[in-house]
1. Can you find, within the stretch 12-27, the residue that is surrounded by the fewest Cβ atoms within 10 Å (Cβ to Cβ) among those that are in contact with a strand residue (DSSP E or B) (Cβ under 7 Å, 6 or more places away or on another chain) and in a helix (DSSP H, G or I)?
2. Just to be sure, is ASP103 modelled with pLDDT of 95 or more and open to solvent by 40 Å² or more (accessible area, probe 1.4 Å)?
3. Tell me whether the stretch 360-367 contains one or more residues that are of a type in the set (A, V, I, L, M, F, W, C), without any contact (Cβ under 8 Å) to a residue 24 or more places away in the chain and in contact with a helix residue (DSSP H, G or I) (Cβ under 6 Å, 6 or more places away or on another chain).
4. When you go through GLY62, GLY118 one by one, which is the residue that is open to solvent by 30 Å² or more (accessible area, probe 1.4 Å) and on the phi > 0 side of the Ramachandran plot?
5. Output yes when any residue across the stretch 299-311 is over 24 Å from GLU49 (Cβ atoms), among the aliphatic types (A, V, I, L, M) and buried (at least 17 other Cβ atoms within 10 Å of the Cβ), and no when none is.
6. When you look at HIS70, is it more than 13 Å from the ligand (Cβ to nearest atom) and open to solvent by less than 60 Å² (accessible area, probe 1.4 Å), yes or no?
7. For PRO331, all conditions in the list (1) closer than 19 Å to THR412 by Cβ; (2) in contact (Cβ under 8 Å) with a residue 60 or more places away in the chain hold save one; what is the number of the exception?
8. Please enumerate the residues belonging to the stretch 378-398 that are open to solvent by 30 Å² or more (accessible area, probe 1.4 Å) and either free of Cβ contacts under 8 Å to residues at least 40 places away in the same chain or not assigned by TED's automatic domain parsing to the domain that holds THR298 (or both).
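The values are calculated or read from the model by the stated rules, or taken from the named source; none is laboratory data. Quantities reported herein were computed from a predicted structural model and do not represent experimental measurements. Counting neighbours? That spans all protein chains shown, and the Cβs are built from the backbone with ideal geometry, glycine included. All accessible areas refer to the heavy atoms of the entire protein, side chains included, with ligands and DNA or RNA removed. Shrake-Rupley method; radii C 1.70, N 1.55, O 1.52, S 1.80 Å.
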Amino acid sequence: MSRQPSLIVIGGGSSGLCTTISAAQHGARVHLIDKQAHLGGMLHIANGEFSGAGTRRQRARGIDDDPERHFADVLRLSHGKVNRDLAWLSVSQQGQTVDWLDDLGFEFHPATPGLVHGHEVYSVPRTYWGVDYGLSVLRLLERLLAPLVASGQVTVHLSTAVTGLITVDGRVTGVRMRRADGSGGERQLAADAVVLATGGYDANPDLRNQFLPPHCASVLIGCLDHATGDGLLMARELGAAVSRDGYFIPVMGLIPDPDRPGFAVDYREAFLEMAPAYRTPYEIWVNKRGERFVREDTTSPELRERTLLEQPDVTMYVVFDEAAVQAAPVPLIRNGRGDWTKQRFAEACRTSPWITRAPTLEELARALGIDPASLVATVTRYNAAVDAGSDPDFGRTVLPARIETGPFYAVTSVAASILSRDGLRVNTDLAVLDEAGNPISGLYAVGEVLGNNVFAGDNYVGGMSVTPAMTLGRWLGTRLATQLSAGPTA
Ligand SMILES: Cc1cc2nc3c(=O)[nH]c(=O)nc-3n(C[C@H](O)[C@H](O)[C@H](O)COP(=O)(O)OP(=O)(O)OC[C@H]3O[C@@H](n4cnc5c(N)ncnc54)[C@H](O)[C@@H]3O)c2cc1C
């Protein structure tokens, strides 16, 4: 006889929201717990670019595509290093996720599906985003959640951190939790199963640096504060296995926040646009030795990101002159709101603490802590390349102007981590595995807590974080609600 199953979902980001909504829509009673005062997790800052193949939106634009071709692209871009079973489980259903959002009236950006040049590009346009980026996804999921909360099918516990998992005879039967303001002390909640949808660990440098190569320990934190790896730590206490693949690729173009050491300036406020598809580079990029290290007009995000990792302190300086500020049609700094105009950028060059300025190149070098002779030699050689129309050092072909008109400027940028590469090991039921490879009974995981390597290998692959989070969240919620209606699984 069927019974009403109960589920605890820890984390109300894209993965936890999708798990909660599908489980509740399939009859489960769900407690959704989030330590923040609001739902949405990383959707508040993310571009929210998602990918899926064979969609109605693609067909309407004459784009011929299917999940097999999407998967072939994922394998190509990830250098074959994904977890093939889990990546296919997601990719094979991602087109359905896109159509599901479409059916629900998702506010697609009119440019979608598009090719996105912030990561290595897919072979066909299959990336989508909303008019308000991640927030468009959040708005839609909150709309779906509201009637489930109103009917009592879902209870949302905000400002409530789960502090541990409760087990009985090796089975996870519930959680311990505590309100952020300390009121009510520690409480316990029981359910048939618990889902960890707690996201990544990138805002917890001590934990993050256990997974990063040692020379990358100073990479900036480019995500929101909640990503402290709680789910990973809680599961590890129960003997859960955690991957340690050793892959890391940074995000490039984030600016160190002078007010928050170790953190990047909020991505929603400002980042440096590095892709020549969106902005012609009028500058050179130099390392702490004052030397160029890659062609600034490369169309390969992977090449520039990997090359930055090889530079001292994974740090670079974007060096340009006053003539570039005046001549460049698109400013170096931008954000998703599009409010970095040429005028605003010119003003920032005069006043912003993110930008170092000096009347001469030598003084600029001194202010940055670079050997002045080295920077001058680099700029002199670059100017010769501009004059010759050819760059013998790196093969740059976009050579718009000499760098010679003071004042001279530099924006410091440090490699950044925005999402976790390693995570909990799970099987194809998304059951968390112990070190011996056996499922920990009653415990499941979905979203970034699995580590992005599962879906993107050693690279970034368009939409392959938020789309698996949503797609497998929906899949897991439906399955658990259905399976648990017959009683807790083994
Ligand atoms: C700047 C930026 C841009 C990005 N752009 C893209 C993109 O375009 N495409 C893409 O695919 N990916 C992108 N990502 C990554 C993507 O947004 C995330 O991987 C994805 O949203 C993670 O979803 P999640 O539900 O697994 O975790 P999260 O969204 O991080 O949610 C986890 C939730 O769990 C809660 N939580 C954690 N611990 C506890 C606890 N102990 N108790 C209770 N609650 C807890 C947190 O408060 C949070 O709400 C981007 C990330 C960043 C930072």
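1. Quick first cut of the stretch 12-27, residues in contact with a strand residue (DSSP E or B) (Cβ under 7 Å, 6 or more places away or on another chain) only: 12, 16, 19-20, 23-24.
Next, from what is left, pick out any that are in a helix (DSSP H, G or I): 16, 19-20, 23-24.
On the way: GLY16: 31, THR19: 35, THR20: 32, ALA23: 32, ALA24: 24.
Among those residues, the one meeting the criterion is ALA24.
2. Numbers: modelled with pLDDT of 95 or more: yes; open to solvent by 40 Å² or more (accessible area, probe 1.4 Å): yes.
Spelling it out, ASP103 is indeed modelled with pLDDT of 95 or more and open to solvent by 40 Å² or more (accessible area, probe 1.4 Å).
3. Within the stretch 360-367, not a single residue is of a type in the set (A, V, I, L, M, F, W, C), without any contact (Cβ under 8 Å) to a residue 24 or more places away in the chain and in contact with a helix residue (DSSP H, G or I) (Cβ under 6 Å, 6 or more places away or on another chain).
4. Unique residue meeting the criteria: GLY62.
5. no
6. Yes, satisfied.
7. Every listed condition holds for PRO331 apart from (2).
8. THR380, ARG381, ALA384, ASP387, ALA388, GLY389, SER390, PRO392
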